[in-house]
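Peer 1: This is the structure I want to talk about, given as C-alpha cells.
What follows draws every value from the coordinates through simple rules; no lab data is involved. Please read all numbers here as calculations on a predicted model, not as lab measurements. In this analysis, Cβ positions are derived from the backbone assuming ideal geometry, glycine residues included, and neighbour counts consider all displayed protein chains.
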Amino acid sequence: MIAVKNITKTYAGGGNGGAPALRGVSFDVREGDFLCVTGRSGSGKSTLLHVVSTLLRPDSGQILYRGEDVTRLPEPELNRLRLGDFSMIFQMHHLLAYLTALENTLLPFMSRLTPVKDAELAAARLCLDKVGLAGKHDRLPGSLSGGEQQRVAIARALVKKPKALFADEPTGSLDKKTGGGIIDLLGDLNAEGMTVTMVTHDQAYANAGNRKLTMEDGVLASDG
C-alpha cells in the first residue's frame, strides 16, 4: 500500500548542518496492517509518521502510495490526498473549543465553499456513535473528558472514510484505562479493514498491532 524508500530528514540547527531525524529509513505499510512504530523520545518515530502521512516532506527518498511517488506531488494534490485517502489523529486533539463535538467532526467537510450535505452530517453522527459518544454530539470540548476529546478527534479522522489512518501518540495524554480504550477502538477499526499506522512510546500498546517497527537514532532498529 505504502512503500517508504530511503527517507532522510534533517532539521535546521544543532550544528554541523543540522540535526538528522531520519537517516535512510525504508519499510512497507501493507494493506490491512496495524503497524506500531515505537522508540525512545527523539528516536525519529513522530517525524517518520509525519513524513509518511505527507505532513512533512523528506529531504530525500521516496514514498510510494499505490505505486505513485507522493513526495513529488504539488501541495494542492497532497491536500486532496489528505482530505481523501489519508487521515491523522494527533496526540493533542486539536479540537476547536467553540465548536460542538459534531461540528468538530464535520471540519473536513467545512474546508469547501459548499454547505455540508445531509449525508455528511449523517456520517459524522454515525462516527461519533461508533466511537462511543452517542448522546454527546452537542457537547463543547470543554465539557468532555480527555478520552472523549480524543474520541472526537478519531471521529473527525474517520468521517472521510480514509484508506490509511495515522495516529501520533494518540494515548500520550490519557490515563491507562482511557488509553487502553483508544487502542481497542483502533484495533476494532483495523479489524474492519482500515490500515492503521500508530506511533507510541508504550510497549504494551505497541503489542496491540500485527507489526512493530522500532526506531533508534533516526534509523530502523527492527521490523517485526
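Peer 1: Which pairs break 30 Å Cα to Cα here: K45/K136; K130/K176; K9/K177?
Peer 2: K45/K136; K9/K177
Peer 1: If you plug each phi of region 181-192 into the Karplus form 6.51 cos²θ - 1.76 cosθ + 1.60 with θ = phi - 60°, what whole-Hz ³J(HN,Hα) values come out, in order, with x for Gly and Pro?
Peer 2: x, 5, 5, 4, 5, 4, x, 5, 4, 5, 5, 7
Peer 1: If you don't mind, there's one more thing I want to ask. Rounded to the nearest 500 deg cm²/dmol, what is the calculated helix-only ellipticity per residue at 222 nm for the chain, with -39500 (n - 2.57) per DSSP H run of length n ≥ 4?
Peer 2: On the way: 7 runs with 69 residues, N = 224.
The helix-only estimate for the chain comes to -9000 deg cm²/dmol at 222 nm.
Peer 1: Further question: Over the Cα atoms of region 1-97, what is the Rg over Rh ratio if Rh follows Kirkwood?
Peer 2: Using Cα coordinates only, the ratio equals 0.97.
Peer 1: Summing Lys, Arg as +1 and Asp, Glu as -1, what charge do residues with Cβ under 13 Å from the Cβ of Y11 carry, Y11 excluded?
Peer 2: Counting the neighbours of Y11, the net charge comes to +2.
Peer 1: Can you work out the Karplus-derived ³J(HN,Hα) for every residue in region 130-140? Use 6.51 cos²θ - 1.76 cosθ + 1.60 with θ = phi - 60°, whole Hz, and x for glycine or proline.
Peer 2: Each residue of region 130-140 in turn: 4, 8, x, 10, 4, x, 10, 4, 9, 7, 7 Hz.
Peer 1: Still on this model: If r is the Cβ-Cβ distance from L64 to S143 and R0 is 45 Å, what FRET efficiency results, to the nearest 0.05?
Peer 2: In this case the efficiency is close to 0.55.
Peer 1: Along the principal axes of its C-alpha atoms, what lengths does region 42-186 span, in descending order and rounded to whole Å?
Peer 2: Answer, in whole Å and largest first: 46, 40, 24 Å.
Peer 1: 5 Å is the cut-off here: which amide hydrogens, built 1.01 Å from N in the peptide plane, fall below it relative to E216, excluding neighbours closer than 5 in sequence?
Peer 2: Those qualifying (amide H under 5 Å, at least 5 residues apart or on another chain) are A221.
Peer 1: Another question about this same structure. What share of the DSSP beta bridges in the chain is antiparallel, in percent to the nearest 5?
Peer 2: 55
Peer 1: Okay, moving on. Rounded to the nearest 0.05, what FRET efficiency do D217 and H94 give with R0 = 25 Å and r taken as the Cβ-Cβ distance? Could you check?
Peer 2: The formula returns an efficiency of 0.30 here.
Peer 1: In square nanometres, what is the average projected area of the Cα convex hull of region 49-134? Intermediate values should be presented prior to the final figure.
Peer 2: Values: hull surface 29.5 nm².
Computed as one quarter of the Cα hull surface, the answer is 7.4 nm².
Peer 1: Quick one: Karplus J couplings for region 39-55, per residue in order, coefficients 6.51, -1.76, 1.60, θ = phi - 60°, nearest Hz, x for Gly and Pro?
Peer 2: Each residue of region 39-55 in turn: x, 5, 4, x, 6, x, 5, 5, 4, 4, 4, 5, 6, 5, 7, 6, 6 Hz.
Peer 1: Let me ask something else. If you project the alpha carbons of region 109-198 onto their three principal axes, what span does each projection cover, largest first, in Å?
Peer 2: 40, 31, 20
Peer 1: Here is a further query. Under 5 Å between amide H atoms, partner at least 5 residues away or on a different chain: which partners does G32 have, H built in plane at 1.01 Å?
Peer 2: Amide H neighbours of G32, under 5 Å, 5+ apart: T195.
Peer 1: Under a Cβ-Cβ cut-off of 15 Å, what is the net charge of the residues other than A21 that fall near it, where Lys and Arg count +1 and Asp and Glu count -1?
Peer 2: +1
Peer 1: Same structure, new question: Using the Kirkwood radius built from alpha carbon pairs, what does the Stokes-Einstein equation give as D for region 157-224 at 10 °C and 1.306 mPa s, in µm² per second?
Peer 2: 124
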